[in-house]
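The values are calculated or read from the model by the stated rules, or taken from the named source; none is laboratory data. No experiment lies behind these values; they were computed from the predicted model shown. Because the Cβ atoms are built from the backbone with ideal geometry, glycine has one as well, and the counts that use them run over all protein chains shown. SASA here: full protein model, heavy atoms, side chains in, ligands and nucleic acids out. Shrake-Rupley method; radii C 1.70, N 1.55, O 1.52, S 1.80 Å.
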Amino acid sequence: MKASTHLVSRMSQRAIGKAELDIVMAFGEVDGDKVIVNKRRAKELLVEFEFLLACKKERVR
């Protein structure tokens, strides 16, 4: 996705980096023309990532 100048300026104003935008685009919920990661979804993602990290640590041992 090519970022418009409007998007880049809004990201700068809100201190949002490309990594955060990529996470929202990958894991957010589509609501019309918006992609949202609300508090509930963020907590779900944290649980999933913690589980995946724990599984990876067990495989390394």
Inside the stretch 38-57, can you point out the residues that are under 13 Å from the mean Cα position of the chain (by Cα) and open to solvent by less than 80 Å² (accessible area, probe 1.4 Å)? 38, 41, 42, 44, 45
Would you point out which residue out of 60, 8, 35, 24 is β-branched (Val, Ile, Thr), free of Cβ contacts under 8 Å to residues at least 40 places away in the same chain and loosely packed, with under 11 Cβ neighbours inside 10 Å? 60
